[in-house]
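Encoded as structure tokens, the structure appears first; notes follow it.
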Amino acid sequence: MENPEIISYVTLRRMVGILGLSLPVVLVLGMNIGRDCDHMIEGSISDYFHTKMGNFFVGIMCFISVFLFSYKGYDKDWIAGKLACLFGLITVFVPTSLSIKIDGMAVPKEICFPCDHFAPCVYPGIMGYVHLISAALFLLTLAYFSIFLFTKTGKDGKMTAYKRKRNLVYRICGYIIIICIVLLVPYFVSSSIKKILLPYHIVFWMETIAVFAFGFSWLVKGETLWKDR
């Protein structure tokens, strides 16, 4: 008879994967219900904190963070879980800045997109930097999970054919997350690049791809695909 505790732990992994995959979709669809705006999406996933979908953003991120806090894995892998939880909660409760700096000039998003946000003023810049760093560290920790933790095997080192397939998926997902973060670096350090790419919501799309990769990785880890017989 299977241990029900193991079953629920696997189920939680699947839930984390499903939530990761659904987060951008839920935010975009929910935001566009009854909306009268010229644009369909926000500049980043974190921007939804300041909208009517803010509770969904906070709720999903908190669930993922709390689960990561309880994640043990192998040996000292729990350290990565605790760090991911910390970075995730900071990302949620230190919200992204509501100002965009182009050529040294701060442009409040309330002026750019007045139908989106509830916040009446621009947050201090330091909060935006803290949020940005914590979000990057959160995603990097998730990449570490996929590349180094999920690919571990038993002490005998033996792997099934399905385990090899899963490890390939884990590594691909982890590297996709890292690539998305690296591609965003020029955007945040160069005002000229930001000015060119700002209308295309590049931050939102890179974050969405990274979150999809994270969600798919955890969905596979939850034995949804390529499960050993």
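The values are calculated or read from the model by the stated rules, or taken from the named source; none is laboratory data. Just so you know, these numbers come straight off a predicted model, no measurement behind them. As a convention, Cβ positions derive from the backbone with ideal geometry for all residues, glycine included, and neighbour counts pool all protein chains shown.
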* To do: Taking the options Ile100, Ile177, name whichever one is touching a helix residue (DSSP H, G or I) at 6+ places or on another chain (Cβ under 7 Å), at pLDDT 90 or above and of a type in the set (A, V, I, L, M, F, W, C).
  => Ile177
* Filtered residue count, segment 192-210, keeping only those that are surrounded by fewer than 16 Cβ atoms within 10 Å (Cβ to Cβ) and in contact with a strand residue (DSSP E or B) (Cβ under 8 Å, 6 or more places away or on another chain) -> 1
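Residue-by-condition table, conditions (1) assigned to a helix (DSSP H, G or I); (2) crowded, with 17+ Cβ neighbours inside 10 Å; (3) in contact with a strand residue (DSSP E or B) (Cβ under 6 Å, 6 or more places away or on another chain):
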site: Leu19; (1), (2), (3): yes, yes, no
site: Val26; (1), (2), (3): yes, no, no
site: Ile33; (1), (2), (3): no, no, no
site: Gly43; (1), (2), (3): no, yes, no
site: Asn55; (1), (2), (3): yes, no, no
site: Phe63; (1), (2), (3): yes, no, no
site: Val66; (1), (2), (3): yes, no, no
* Close pairs (6 angstrom Cβ cut-off, 6 or more residues apart or separate chains): in contact (Cβ under 8 Å) with a residue 60 or more places away in the chain and among the β-branched types (Val, Ile, Thr) in segment 123-152, surrounded by fewer than 18 Cβ atoms within 10 Å (Cβ to Cβ) and part of a helix (DSSP H, G or I) anywhere -> Thr141/Leu83
* Taking Arg229, is it assigned to a helix (DSSP H, G or I) and over 26 Å from Gly43 (Cα atoms)? -> no
* Val169 being more than 12 Å from the chain's Cα centre (by Cα), in a helix (DSSP H, G or I) and touching a residue at least 40 places away in the same chain (Cβ under 8 Å) -> yes
